[in-house]
1. State all residues of the range 36-53 that are within 14 Å of the chain's Cα centre (by Cα) and outside any helix (DSSP H, G or I); if no residue qualifies, say none.
2. Considering Ala9, Ala23, which residue is small (Gly, Ala, Ser) and free of Cβ contacts under 8 Å to residues at least 24 places away in the same chain?
3. Suppose we filter the range 57-76 for residues that are closer than 10 Å to Leu31 by Cβ and more than 13 Å from the chain's Cα centre (by Cα); how many remain?
4. Contact list please: Cβ distance under 7 Å, first residue in the range 80-96 and in contact (Cβ under 8 Å) with a residue 12 or more places away in the chain and among the charged types (D, E, K, R), second residue in a strand (DSSP E or B) and open to solvent by less than 30 Å² (accessible area, probe 1.4 Å), pairs at least six apart or on different chains.
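The values are calculated or read from the model by the stated rules, or taken from the named source; none is laboratory data. Everything quoted here is computed from the prediction, not taken from an experiment. So basically every Cβ, Gly included, is an ideal-geometry build from the backbone, and we count neighbours across all protein chains shown. For accessibility, only protein heavy atoms count, side chains too; no ligands or nucleic acids. Shrake-Rupley method; radii C 1.70, N 1.55, O 1.52, S 1.80 Å.
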Amino acid sequence: TWDPERVLAGRPVARGDALLHVADESGSWTLELAVPQHGYDDVGRALRDGAEPPDVEFVVATRPEQSHVGKLVRLANAAETLANEGTRLAGVAEFDRADVADEIRRPGTSVSAKIDCGPSSLGSVSMRDLLYYLRTRWWF
């Protein structure tokens with residue numbers, strides 16, 4: 001948080017409670033990504049097969065007109081299911097902090113990201129999306 005005084009004021013604290021997280025702002029910064037279920041295969045393949053990590057293009061919610069680029073560096077081995085978001089696979093992308101303005105570079109900022117998984121045929125992408133729709137809407 002950028003305002004720990006307000007958040008911690010009047011809060012009961014016991015020994016051993018975590019009150020703050022301290023971050024080292026030098027070097028690259030990270031984005032925590034939630035990859036939807038229908039993208040697991042493509043993203044995993046791009047991360048495994050590529051000579052270098054796939055590009056992640058992202059926009060910050062407060063400035064959607066500016067896009068920024070980072071690299072996908074990690075993808076979780078197991079998915080997690082969230083009640084209101086469905087099944088997601090956690091990923092981490094790194095980007096150079098100099099590429100993003102100070103006023104939007106804050107912990108907790110919402111972003112939308114696209115991961116470049118390389119070329120795919122139109123037929124395979126269309127069939128994947130159709131099968132995902134049928135599996136999630138009609139089949140249990």
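1. Once the filter is applied, which keeps residues that are within 14 Å of the chain's Cα centre (by Cα) and outside any helix (DSSP H, G or I), the range 36-53 yields only Pro36.
2. Residue meeting the stated conditions: Ala9.
3. 1
4. Close Cβ pairs (under 7 Å, with a partner that is in a strand (DSSP E or B) and open to solvent by less than 30 Å² (accessible area, probe 1.4 Å)) amount to Arg88/Val35; Glu94/Gly70.
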